[in-house]
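The next block holds one structure in the form of structure tokens; read it before the comments.
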Amino acid sequence: GELLHNPQILNLLVEAIGGNEWPQSRKEIYEMACHQLVNEESRAHRDARREKHHPPETLLDAAGYLCAIHLLSGITGFALDEDASDDQHYYWNGLTAHDLPLLLALKTNLFQKDGEEQRTPVHRSVAEYLGARYLAARIENGGLPFGRILALMTGEDGGMVPDLRGLAAWLSVHCRTGRPSLIERDPLGIVLYGDVRHFVVGDKRLVLNALKNEAQRYPWFRSQDWTSPPFGALGTADMESAFREILTSPSRTEADQALLDCVLDAIRHGDPLPALSEPLETIVRDTSYWPVVRTNAARALMHAMPDDSSRLLKLAEDIRVGAVEDREDELLDTLLRKLYPSCISPVQILGYLH
């Protein structure tokens, strides 16, 4: 459901569900959408592909090679004809991977016109996904040194080049070899622009540790992008133990509360984790936490136990009588939106207003 809030992802989802199978993660959406796009060719393109015996996977590899060059070099796209080439559109025939059907790939719906004889990827995020997919295959199976790609994606300070954060995020998904190094350099980008759902528990813990390091350097490290739904990919049952450790930590430092806020977003947008309802309620009631953390904990609590409103009703009542502090009414606002009118009736609601 959270994927539907992003127009770009929504368009890809439309492409992905050409059949009857629904994707369950961001990675599956991109994979299924790319397979749909590479197959939706004109009759002439399908005939040409059939004659040359190029299966969809080969075309996706060719598209990934082109997308990797597009992103790492910073060019706009490619020219189908030598006369159409310029500084921003490289002539496809000048590329070295002639064993791949590059021209056919450029004529699929994975690319769009950027001039009569020029093509550019249909969307940057698609290019990032396919480019990372191709690079990972070369790194894992083709002998391409990961360090060479990392050097192209990082600046002098070792941090990720801003324009390549999406490529790095998807590379972390496809390339287990380079995943720890990529997580260390840009954990927030890995979460926001990739898909950590299928990471093993050890790698998800690496993400949490790297996020904590970011928070220790600067507690407001998320201030340029407060997007929260992508954190839901961390919110899986196998992370319950790791989350409990953070939820029950006695620390109230700015860095630890910033990390806690990330975990609350993961619980709020992830799979329901009812076993965490008690520590979540404790945070809601505890005024030693930032108000925004307490409010986010309330939202996470609602998601953790969607079919049980008894804790929420008790919280709302304790706020109403002053047993739980809520100076700005943010907690009460969050609770009433959930409880009214199904659990708190129109007659009762007046007692909560002041």
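The values are calculated or read from the model by the stated rules, or taken from the named source; none is laboratory data. The shown structure was predicted, so the numbers you read here are calculated from the model rather than taken from an experiment. Using ideal geometry, Cβ is built from the backbone for each residue, glycine included, and neighbour counts are taken over all protein chains shown. Keep in mind that these areas ignore ligands, DNA and RNA; they rest on the heavy atoms of the full protein, side chains included. Shrake-Rupley method; radii C 1.70, N 1.55, O 1.52, S 1.80 Å.
Against the chain, whose longest principal axis comes from its Cα atoms, helix 124-141 is set at around 70 degrees. Note on N209 and D286: their simple-model spin labels are 2.4 nm apart, each label 7 Å out from Cα toward Cβ. Run the reach check for K204 against lysines, Cα to Cα strictly under 29 Å, same-chain hits fewer than 8 apart removed. What comes back? List returned: K27, K212. Of the peptides 90-97, 171-178, the ranking by mean beta-carbon count within 10 Å, highest at the top, reads 171-178, 90-97. Using the rule -39500 (n - 2.57) for each DSSP H run of four or more residues, divided by the residues of the chain, the 222 nm mean residue ellipticity is -16500 deg cm²/dmol. Qualifying GluC sites (Glu not before Pro) in the range 106-192, where qualification requires a DSSP coil assignment and no more than 11 other C-beta atoms within 10 Å, comprise E116, E156. Shape analysis of the range 292-354 places it in the oblate category; the axes a ≥ b ≥ c from the Cα gyration tensor give an a/c of at least 1.5, with a/b not above b/c.
Taking square-rooted eigenvalues a ≥ b ≥ c of the alpha carbon gyration tensor, is the range 166-243 rounded, prolate or oblate, where a/c under 1.5 means rounded and, failing that, a/b exceeding b/c means prolate? Rounded is the answer for the range 166-243, as its axis ratio a/c remains below 1.5.
Taking label positions 7 Å along the Cα-Cβ direction at both L353 and W22, the computed distance is 3.7 nm, reported to one decimal.
Tell me whether the range 181-305 comes out rounded, prolate or oblate; compute the Cα gyration tensor, take square roots of the eigenvalues as a ≥ b ≥ c, and use a/c under 1.5 as the rounded threshold.
oblate
Annotation: amide H-H contacts under 5 Å for L100 (H modelled 1.01 Å from N, sequence separation of 5 or more, or interchain): none.
Any idea what the relative contact order of the chain is, in percent, if you count C-alpha pairs under 8 Å spaced at least 6 apart? Can you show the working numbers first?
Numbers: 478 pairs, mean separation 34.5, N = 354.
It rounds to 10 percent for the chain.
The charge dipole of the range 267-310, taken about its Cα centre with unit charges on the Cβ atoms of Lys, Arg (+1), Asp and Glu (-1) only, comes to about 240 debye.
Check the straight Cα-Cα distances from K113 and name the aspartates and glutamates below 18 Å, setting aside those fewer than 8 residues away within the same chain. Straight-distance partners of K113: E40, E41, D81, E82, D83, D86, D87.
Take the Cα of A237, step 7 Å toward its Cβ, do the same at A275, and the gap between the two points is 0.9 nm. Amide H contacts under 5 Å for Q118: L80, restricted to partners 5 or more places along the chain or on a different chain, H placed in the peptide plane at 1.01 Å from N. Applying 0.36 nm per residue to the separation of E325 and D83 and subtracting their alpha-carbon distance, the gain on full extension is 80.0 nm. Each Lys and Arg adds +1 at its Cβ and each Asp and Glu adds -1 at its Cβ; summed about the Cα centre, the chain shows a dipole of about 520 debye. Dipole magnitude for the range 135-260: about 180 debye, using +1 per Lys or Arg Cβ and -1 per Asp or Glu Cβ, origin at the Cα centre.
Give the residue list of trypsin sites (Lys or Arg not before Pro) in the range 314-354 that are DSSP loop and have at most 16 other beta-carbon atoms within 10 angstrom.
Working: sites: K314, R320, R327, R337, K338; in loops: R327.
When the trypsin sites (Lys or Arg not before Pro) of the range 314-354 are filtered for loop state and at most 16 Cβ neighbours within 10 Å, R327 remain.
How many percent of DSSP beta bridges within the chain run antiparallel, rounded to 5?
Working: 7 of 10 bridges.
Percent antiparallel among DSSP bridges in the chain is about 70.
Of the accessible area of the chain, computed with a 1.4 Å probe over protein heavy atoms only, carbon and sulfur atoms account for 49 percent.
Once backbone amide H atoms are built at 1.01 Å from N, T154 has V161 as its partners under 5 Å, excluding neighbours fewer than 5 places away on the same chain. Run the reach check for K314 against lysines, Cα to Cα strictly under 26 Å, same-chain hits fewer than 8 apart removed. What comes back? Qualifying lysines at Cα under 26 Å: K338. The residue list G64, G115, Q216 was ranked by how far each Cα lies along the charge dipole of the chain toward its positive end, using unit charges on Cβ atoms, and Q216 comes out on top. Computed 3J(HN,Hα) for the range 273-288, one whole-Hz value per residue from the Karplus formula 6.51 cos²θ - 1.76 cosθ + 1.60 where θ = phi - 60°, is 10, x, 5, 9, 5, 5, x, 5, 5, 4, 5, 4, 7, 8, 6, 7, glycine and proline marked x.
The local environment of G64, defined by Cβ-Cβ distances under 13 Å, has a net charge of -2 under the rule Lys, Arg +1 and Asp, Glu -1.
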